[in-house]
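Everything below concerns the one structure shown next.
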Amino acid sequence: MTVPRRLFFALWPDDASRRALAAEAERLAPQCGGYPLPAENMHVTLAFLGNVDASRLEALVDLTRAWPALNGEWMLDRLGHFPKPRIVWAGSQASNPALLALDAELWQALTRHGFTAPQRDFTPHVSLVRQADRAAPESRLSAPIRWRFDHLALVESQLDDGGSRYRTLADNRSQE
Ligand code: 2AM
């Protein structure tokens, strides 16, 4: 048995989207009573695996690198609040069929690798503010953010004193 790794699959925004999301987080944090997440942490989780034995990592890296190229878009325009984990997040009013299909396909592949998909529906979201006691006063982002996603990433989460640090272990961009 080796040391478990806390892993998840995510989409990572381009720099402009990331900066726009971080600016929203800064703006909202005082209103929601929490702390803003930094630009480098902005992402949408497609599949959270939790603690995974390191012996399974190689198969996950292979799956990630072999994943077909992505060329999608997600228009973020709304704000939401998950009261229990105390998160204020950005998402979209309209559902995004491509994003939902990608999530379902990813879980199908992960199921073949012995992972179990969650029972609950997937609510694509980008966490902006943590320890948020209140929802944002408004339900819209101050301006819509158009995020083009072009790669899938396998990411490790490490907790330290400053919060979560994320490290990409593999992605499906060309290896050349
Ligand atoms: P969150 O931002 O909504 O907290 C790394 O922790 C990533 O995995 C974050 O995007 C986090 O979502 C997500 N995550 C953490 N715990 C999770 C869980 N039990 N189920 C689903 N996603 C989780």
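Data overview
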read-out	value
Test: residue in the range 101-111 that is among the charged types (D, E, K, R), in a loop (DSSP other than H, G, I, E, B) and within 12 Å of the ligand (Cβ to nearest atom)	no
Residue 23 being closer than 14 Å to residue 166 by Cβ and either small (Gly, Ala, Ser) or open to solvent by 20 Å² or more (accessible area, probe 1.4 Å) (or both)	no
Unmet criterion (only one of (1) touching a Gly at 6+ places or on another chain (Cβ under 7 Å); (2) of a type outside the set (Val, Ile, Thr); (3) open to solvent by less than 80 Å² (accessible area, probe 1.4 Å)) for residue 33	(1)
Matching strands (runs of 3 or more DSSP E) fully within the range 1-98 where at least 1 residues are under 19 Å from residue 134 (Cα atoms) and at pLDDT 95 or above	72-82, 87-91
Number of positions in the range 48-59 that are exposed (fewer than 15 other Cβ atoms within 10 Å of the Cβ) and away from the ligand (no atom under 16 Å from the Cβ)	5
Answer from 77, 62 - the residue that is charged (D, E, K, R), more than 15 Å from the chain's Cα centre (by Cα) and open to solvent by less than 80 Å² (accessible area, probe 1.4 Å)	77
Check on residue 120, open to solvent by 60 Å² or more (accessible area, probe 1.4 Å), out of contact with any Lys or Arg (no Cβ under 6 Å at 6 or more places or on another chain) and in a loop (DSSP other than H, G, I, E, B)	yes
Condition check for residue 45: within 11 Å of the ligand (Cβ to nearest atom), of a type in the set (Ser, Thr, Tyr) and either touching a strand residue (DSSP E or B) at 6+ places or on another chain (Cβ under 8 Å) or open to solvent by 20 Å² or more (accessible area, probe 1.4 Å) (or both)	yes
Test: residue 22 is more than 16 Å from the ligand (Cβ to nearest atom), among the small types (Gly, Ala, Ser) and out of contact with any Phe, Trp or Tyr (no Cβ under 9 Å at 6 or more places or on another chain)	no
Contacts under 8 angstrom Cβ, first residue in the range 1-21 being among the aromatic types (Phe, Trp, Tyr), partner part of a loop (DSSP other than H, G, I, E, B), 6 or more apart	12/42; 12/43; 12/151
Single unsatisfied condition, residue 138 versus (1) open to solvent by 90 Å² or more (accessible area, probe 1.4 Å); (2) assigned to a loop (DSSP other than H, G, I, E, B)	(1)
Filter pass, residue 39 being of a type in the set (Gly, Ala, Ser), touching a strand residue (DSSP E or B) at 6+ places or on another chain (Cβ under 6 Å) and closer than 23 Å to residue 88 by Cβ	no
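To keep it simple, each residue is scored yes or no on (1) open to solvent by less than 90 Å² (accessible area, probe 1.4 Å); (2) at pLDDT 95 or above; (3) away from the ligand (no atom under 15 Å from the Cβ).
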| position | (1), (2), (3) |
| --- | --- |
| 129 | yes, yes, no |
| 134 | no, yes, yes |
| 142 | yes, no, yes |
| 146 | no, yes, yes |
| 153 | yes, yes, no |
| 158 | yes, no, no |
| 162 | yes, no, no |
| 170 | yes, yes, yes |
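The values are calculated or read from the model by the stated rules, or taken from the named source; none is laboratory data. Just so it is clear, the model here is predicted, and its values are computed rather than measured. Every residue, glycine as well, gets a Cβ built from its backbone with ideal geometry; the counts of neighbours run over all protein chains shown. The protein model used for the area step is the full one, side chains on, heavy atoms only, and it has no ligands, DNA or RNA in it. Shrake-Rupley method; radii C 1.70, N 1.55, O 1.52, S 1.80 Å.
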